Amino acid sequence: MRFHRLLLLTLLSVLAACSTAAPPTAAPTSALAAPSPVVAPSPTSLSSEDALMATIAAGTTPTATASIVAPTAIPTITLGPTAVAKPLAEGWWDSAVCYEVFIRSFSDSDGNGIGDINGLIQRLDYINDGDSATKKDLGAPCIWLMPVAQAASYHGYDTTDYNTVSKDYGTNEDFKRLIAEAHKRGISVIIDLVLNHVSIQHPWFQDALNNPNSPYHDWFIWSPIDPGYRGPWGQQVWYRAPGRNEYYYAIFWEGMPDLNYRNPAVTAEAEKISAFWLNEMGVAGFRLDAIKHVVENGNEQENTRETHAWIREYASFLHTTKSDVFTVGEIFGGRPGVLDDYYPDQLDTYFEFAIGEGILNAARSGDARDFLRPAAAAYDRLPYQRYAPFLTNHDQERAMTTLGGEAGRARIAAVALLTIPGLPFIYYGEEIGMTGTQPDERLRTPMQWSNEKGGGFTTGQAWEGFQSDLAAVNVALQDDDPNSLLNLYRTLIQLHTSIPALAHGSFTTIETMGAPSVAAFIRRSGDSMVVVVLNFGTQPVDGATISAVASDLEPGTYRLTALLGDAQSADLVVGPGGAIANSAPLLRLAPQTGYIFRLNS
Ligand SMILES: [Ca+2]
Ligand SMILES: [Ca+2]
């Protein structure tokens, strides 16, 4: 980690801002770090009151007292270190941008209409050709692959064999070649790891169902009666097991039974699988799916103390297995407040959902405050650089659809995403403005490479139809257009990964006088300093001035050099304490346009 003065200041400010943070020597204050041993609940994991509440919530008549016997003893929760903001060790993630790929929809090498690993290898140069001098690639140093293991469904989130690459995608050898080709280009590959549940077709569950003496029975969560309570979003979670007088628990749907992580054998298996992908298959780390649901305690089904304890132990295992492993967790809806209990240890980073929502809101409303509020909240309240902003992912309506198909909105959203703190993620196709709305398959349609038959994606019949805008929205059309969204993304990723201030600098918002459509902020990492000015509005803004009572800039006069946005700027005069008084760097801000200036003293 960089321990120059600025970072220390940043860390101190994070510490000061973090309500659960305590100085390392002080008594811990967070519930997770309670100094007294955690008292294990009674063997009945659902209290009678809980059961009553659950039956009422489920709209059923309470029956005779039914106790759900936990299949294994509730473990003693290992206490974590005190809640201090803990920076990540230095690594490739410091300056990365991650590109999310759904292999099935990215590129098909053999004409069967299904994207595959060899197809992805052929397209790696589009993501990053490994040469920083060329400008024809996105330049992303990281890829997140949605699940690659053998699974029952097209999306891969219902695993049937953790250690084998999906036959649709290729072989384990193909995957190793992908990793080698990625490494040649300086790309780290992380994969989706779905540990919370398996497919109902997984041999473990099938054995548990069909073999009376199955050692795997205790790998799942059972009840002799239907407990009746429902899941966090009101869904059914208990299902009658086919051929058995018994119910199993499945939080997402009946086809994906939850694994029982109170059983140490299941945790040991999860660790073995993780080690296999790190050591044998060469991945750089994991995106951990649905990780807030790992260990449930009766009808307490998310963010449980046992889940935090489990993640802590698991992450510790990963770091001893591969010292530079990188993890990002999906805590759906993650933001300050929701994420607080997942720090200081546990996973390295988590997706931050509020920033992307704020960016898209601001791009639609033209009000910069919609963007600044969540961006500043995340910076102030979450540990330094330990969160990952994104516009949308594979579970959400595509950004361009949310933005009403308006290119100007997509452009300003891109600049916002790639200039704020955190590790940004980009969903494949977002960089060309691909559209898509529910159902899920339509959020994950084939990559639109060109307007030829098969969209440049396949020579055959694509597994899922393209969006209707294939002719107007494709890579080929935007490739050579200097003003295309694709080339804006290329420029922004290149700037983000090469300028320390943008990648991991401090973040100081600046007042913009009389211009609610304008956001401005300073970012700094050592000698690397930038000013970013974003006009979310559909009208030009003339004579906007910026002011700050304080910043981390030393007093003096700075020359501004445009890195993005063709604009001449006046010098920036900084007073004592980093104050900026009514500076007017730009005469006119074009509509829906972002500017990045390098500061030279
Ligand atoms: Ca194929
Ligand atoms: Ca679970």
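Bear in mind these aren't lab numbers, they're just calculated from the coordinates by the rules spelled out. Computed from a predicted model, the values in this text were never measured in an experiment. Backbone-built Cβ (ideal geometry, glycine too); neighbour counts: all protein chains shown.
Observations on the structure shown:
- Under the criterion of Cα pairs below 8 Å and six or more residues apart, the relative contact order for the chain equals 13 percent.
- Going from the fewest other Cβ atoms within 10 Å to the most, the residues Val533, Val97 appear in the order Val97, Val533.
- Applying 1/(1 + (r/R0)^6) with R0 = 45 Å to the Cβ-Cβ distance of Ala268 and Arg442 gives a FRET efficiency near 0.70.
- Multiplying the residue separation of Ile179 and Ser468 by 0.36 nm and removing their Cα-Cα distance gives an extension gain of 100.7 nm.
- Å³ per residue enclosed by the Cα convex hull of the chain: 158
- Of Ala399, Leu318, Ser95, farthest towards positive along the dipole that unit charges on Lys, Arg, Asp, Glu beta carbons give the chain: Ser95
- On the beta carbon distance between Asp542 and Ala407, with R0 = 30 Å, the FRET formula returns roughly 0.85.
- Available extension along the chain between Ala476 and Asn163 is 109.0 nm, counting 0.36 nm per residue and deducting the alpha carbon span.
- Rh (Kirkwood; distinct C-alpha pairs) - the stretch 388-497, Å: 14.3
- The helix-only estimate of mean residue ellipticity at 222 nm for the chain, built from DSSP H runs of length n ≥ 4 each weighted as -39500 (n - 2.57), is -7500 deg cm²/dmol after division by the residue total.
- Neighbour-limited loop hits for trypsin sites (Lys or Arg not before Pro), the stretch 166-204 (at most 16 other Cβ within 10 Å; DSSP other than H, G, I, E, B): Lys167
- Basic side chains Lys and Arg get +1 at the Cβ, acidic Asp and Glu get -1 at the Cβ, and with that the dipole of the chain about its Cα centre reaches some 1160 debye.
- Share of alpha-carbon pairs per 10 Å distance bin for the stretch 506-600, given as whole %: 18, 57, 24, 2
- Note on Asp207 and Asp527: the extension gain reaches 109.1 nm, defined as 0.36 nm multiplied by sequence separation minus the Cα-Cα distance.
- Set Lys184/Lys322; Lys135/Lys322; Lys184/Lys292 screened for pairs whose C-alpha atoms are more than 24 Å apart: Lys135/Lys322; Lys184/Lys292
- Where labels lie 7 Å past Cα in the beta-carbon direction, separation of Asp566 and Arg588 in nm: 1.3
- Two-decimal Rg to Rh for the stretch 288-415 - Kirkwood Rh, Cα set: 1.04
- The ranking of Ser583, Ser95 from fewest to most other beta carbons within 10 Å of each one's beta carbon is Ser95, Ser583.
- Most positive-pole-ward Cα, Asn211, Asn245, Gly156, against dipole of the chain from beta carbon charges: Gly156
- DSSP beta bridges confined to the chain are antiparallel in about 65 percent of cases.
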